[in-house]
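Enquirer: What follows is a single structure, and I will ask about it in a moment.
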Amino acid sequence: MKVIVCGAGQVGWQIARHLSGERNDVTIVDVNADLVRRATETLDVQGVVGFASHPDVLARAGAQDADMIIAATHSDEVNMMTCQVAHSVFNVTRKIARIRAQNYLATEYADLYRADQLPIDVVISPEREVAEAALQRLAAPATFDTEVFMNGRAQLLGIMLDEDCPVLSTSLRQLNDLFPSLRAIVVGVRREDRLFAPEPGDQLLASDQIYVFTHSEDVNRCLEIFGKKTRRQERVVIIGGGNVGLSVARALESRTKIRVKIIEKNRICAERAADALERTIVLNGDGMDMDILMEAAIDRADAVLAVTDDDKTNLLVAVRAKQAGCAMAIALVNDPTLAPLMGPLDIDAYINPRATTVSSILRHIRHGRVRAIYSIGDAEAEVIEAQVLSTSPLSGRLVREVEFPEGVLVGALMKGDKVLKPTGDLRIDAGDVVALFAMAKDVPEVERLLQVSVEFF
């Protein structure tokens, strides 16, 4: 597949890294020559320096025979125009654009992106993706990571194992024997900063960060087995009243009876948030100021969500809130190299906007009937949900008969609307939906098993 990635920033670079690692023909375009040079020197990609929306630049990038264009520059307008030029001049089949400004995404303007208007096949909104990720973290406070799969019937849970975890030193095979009715599988383990797909004989150790794929009805039981208490979120303090904070507060107002307070430093943003929300209390002040935190009753809050546009502010506010007595802290962190600090700083969970955006884009560029993708860590692994095609090597075989790579584990199988725990004797049929955990190096083989075919784009 020939793909043009416009924008060599964090998201563009990561997408190019994924695609080039899977032997696709990738060209990356950016106006910054240094970023293009970095991409071409570290990845197996071609580079073109110039404005992505200029026809001559796209021509140099090979748009005339490209299968897909992904516009992820820092400018919404450049991304939109790039898709227009790719469609009108080069007839590129698939066009994906990252658009940040919420004004472009209002429901009343949905027709803007029709093929006969502004031809964009998929619009990715980082703010909406991050807001949804924050809501999922709040919904599962005992986890450091979570994602919903299979139409809400299954979940991926990231769980840190503490010293008092009741199943420490227990092998995964024995865990299955102890809880045969538990519809959950440990699909990934991070130990000493190394992520791997575990074997049945592997034991669980204190400080392990495990990824568990479970039926949604078994989430609470699963958390209890691994020593986590479930608690209700009734009081939430949000630091940052920008697009993300506003989106989360709106969702909490519409979905629950949670009491929400927002602290926003910029007066204009604070006033805008106050006007847009009904039951949320908005305080104009610095989230780093302990007095304003106490005014928001941070010591009695069930959770603090730090989502300003500054990583260090988010980390420090989260730490200060926990020290003041807040039960749970979630921080928005753009720089993945800061992730190892979460444990020592006692921050319960973090959200990486790049990872959420990359996951969203990958969902739309994978071959086969891919329904969802979640990128884990710094693009170290993926959880892929896909429908099994009749031509797939998986179709008609028992789970134990499939030669999965060492870094791939089956998380669950859905037949109709019923989610099943994968066992060796479970048969995979055409039309079933399968969820697979795959280390990055094994994703190409997973795509082969899902029957890679361009006809399913």
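Enquirer: Shape call for the chain from the C-alpha gyration tensor, a ≥ b ≥ c root eigenvalues: rounded (a/c under 1.5), prolate (a/b greater than b/c) or oblate? Display every interim value, and only then the final one.
Expert: On the way: a/c = 1.76, a/b = 1.05, b/c = 1.67.
Oblate.
Enquirer: If you place +1 on the Cβ of every Lys and Arg, -1 on the Cβ of every Asp and Glu, and leave all else neutral, what size is the dipole of the chain about its Cα centre, to the nearest 20 Debye?
Expert: Working: 51 positive and 65 negative charges, 164 e Å.
Here the chain has a charge dipole of around 780 debye.
Enquirer: For LYS418, go through the aspartates and glutamates and keep the ones whose alpha-carbon is under 16 Å away, minus same-chain ones fewer than eight residues off.
Expert: GLU217, ASP218, GLU385, ASP429, ASP432
Enquirer: Go through LYS229/LYS415; LYS228/LYS312; LYS228/LYS421 and tell me which ones have a Cα-Cα distance over 25 Å in this structure.
Expert: From the list (LYS229/LYS415; LYS228/LYS312; LYS228/LYS421), the Cα-Cα distance tops 25 Å for LYS229/LYS415; LYS228/LYS312.
Enquirer: Please list the radius of gyration and Dmax for the stretch 130-225, considering alpha-carbon atoms only, with Å as the unit.
Expert: Rg, Dmax (Cα atoms, Å): 13.0, 38.
Enquirer: Averaging sequence separations of C-alpha pairs under 8 Å and six or more residues apart, then dividing by the length of the stretch 130-225, give the relative contact order as a whole percent.
Expert: Numbers: 158 pairs, mean separation 30.6, N = 96.
That works out to 32 percent.
Enquirer: Also: Take the alpha carbon gyration tensor of the stretch 38-140, find the square roots of its eigenvalues, order them as a ≥ b ≥ c, and report rounded if a/c is under 1.5; if not, report prolate when a/b exceeds b/c, else oblate.
Expert: Numbers: a/c = 2.43, a/b = 1.37, b/c = 1.77.
It comes out oblate by the Cα gyration axes.
Enquirer: Determine the dipole magnitude for the stretch 356-456: charges of +1 sit on the beta-carbon of Lys and Arg, -1 on that of Asp and Glu, nothing else is charged, the reference point is the Cα centre, and the result goes in debye to the nearest 20. Present the calculation step by step, with values, prior to reporting the outcome.
Expert: Values: 12 positive and 15 negative charges, 65 e Å.
My answer is approximately 320 debye.
Enquirer: Can you classify the stretch 291-443 as rounded, prolate or oblate using the Cα gyration tensor, where a ≥ b ≥ c are the square roots of its eigenvalues, rounded means a/c under 1.5, and otherwise it's prolate if a/b beats b/c and oblate if not?
Expert: Details: a/c = 3.03, a/b = 2.51, b/c = 1.21.
Prolate, since a/c reaches 1.5 and a/b exceeds b/c.
Where a number appears in this text, it was derived from the coordinates with a stated rule and is not lab data. Remember, it's a predicted structure, so these values are computed and weren't measured experimentally. Note that each Cβ is placed from the backbone with ideal geometry, even for glycine, and that neighbours are counted across all protein chains shown.
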